[in-house]
Amino acid sequence: RGAAPIQRAVMAGDSETGVAVMRMEPGLDTGPVAMLERVAITPAMTAGELHDRLMPLGADLMHRALGALERGGLSFTPQSAEGVVYAHKITNEEARIDWTAPAAQLHDRVRGLSPFPGAFFLADLGRGPERVKVLRAVPAEGSAAAPGTLLDAAGTVACGEGALRLLRVQPAGKGAMEAGDFLRGRRVEPGARLAGTRLT
């Protein structure tokens, strides 16, 4: 329930979500449910991909619910109050990558914030501090390097636990591109720190 249910489900590493037809009540998404469709969240799925998967399911569910309502066959089941989580609005600071976090957690954060608003890091890559969105990444083998250290030319970055390989990024004011192309274009060598500086 709340402002960002799709993003929060992916960021939390959930394996399943869904869409429902419910009766409106004064509370936030607290009404009884008439119909429900579940959707698996695959390990590499982004919030954008999940949104696109849920959209036609929601439309079909509403079509079926209206048909059942017209026939007088739409029944409702009260929701359980247990296990309810509020999906808060995504803040700018939440979207900033903290390389001291475990790689698995950062992977889910990148997926959950892709394509919008986009998880990002700030780093001086030769042109002053730049904001770079990470649109896709995968967990990789880690090392003893300090979190935020670029480990190889392929875009693997050390994390607090393990490492994250950047696959697709988007520099500020630019289009999305392969991470390797971005690093070569900025001439960023292994050993560089991508820890960055906070926005003011």
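Annotations
- For the residues Leu150, Leu106, Leu164, Leu122, the requirement of being in contact (Cβ under 8 Å) with a residue 40 or more places away in the chain and either within 19 Å of Ala4 (Cα to Cα) or touching a Cys at 6+ places or on another chain (Cβ under 9 Å) (or both) singles out Leu106.
- Yes/no for Ala103 being touching a strand residue (DSSP E or B) at 6+ places or on another chain (Cβ under 9 Å), within 30 Å of Gly148 (Cα to Cα) and in the same structural domain as Gln170 (by TED's automatic domain parsing): yes
- Residues within segment 24-48 that are assigned to a loop (DSSP other than H, G, I, E, B), in contact (Cβ under 8 Å) with a residue 12 or more places away in the chain and within 19 Å of Ala59 (Cβ to Cβ), tallied: 1
- Residue within segment 29-47 that is closer than 14 Å to Val85 by Cβ, out of contact with any helix residue (DSSP H, G or I) (no Cβ under 9 Å at 6 or more places or on another chain) and outside the structural domain of Arg109 (by TED's automatic domain parsing) present: yes
- Given (1) closer than 24 Å to Pro102 by Cα; (2) out of contact with any strand residue (DSSP E or B) (no Cβ under 6 Å at 6 or more places or on another chain), index of the condition Arg23 fails: (1)
- Of the residues Leu57, Leu61, Leu66, the single one that is in a helix (DSSP H, G or I) and buried (at least 18 other Cβ atoms within 10 Å of the Cβ) is Leu61.
- Residue selected from segment 1-23 under the condition touching an Asp or Glu at 6+ places or on another chain (Cβ under 6 Å) and not in a helix (DSSP H, G or I), by the criterion surrounded by the most Cβ atoms within 10 Å (Cβ to Cβ): Val19
- Checked against (1) among the acidic types (Asp, Glu); (2) touching a Pro at 6+ places or on another chain (Cβ under 9 Å); (3) exposed (fewer than 12 other Cβ atoms within 10 Å of the Cβ), Glu93 passes all but condition (2).
- Of all residues in segment 114-145, those satisfying the criterion of being in contact with an Asp or Glu (Cβ under 8 Å, 6 or more places away or on another chain) and either on the phi > 0 side of the Ramachandran plot or among the hydrophobic types (A, V, I, L, M, F, W, C) (or both) are Leu122, Ala123.
The values are calculated or read from the model by the stated rules, or taken from the named source; none is laboratory data. Keep in mind that what you see is a predicted model, and the values were worked out from it rather than measured. Please note: Cβ atoms are built from the backbone with ideal geometry, for glycine as well, and neighbour counts cover all protein chains shown.
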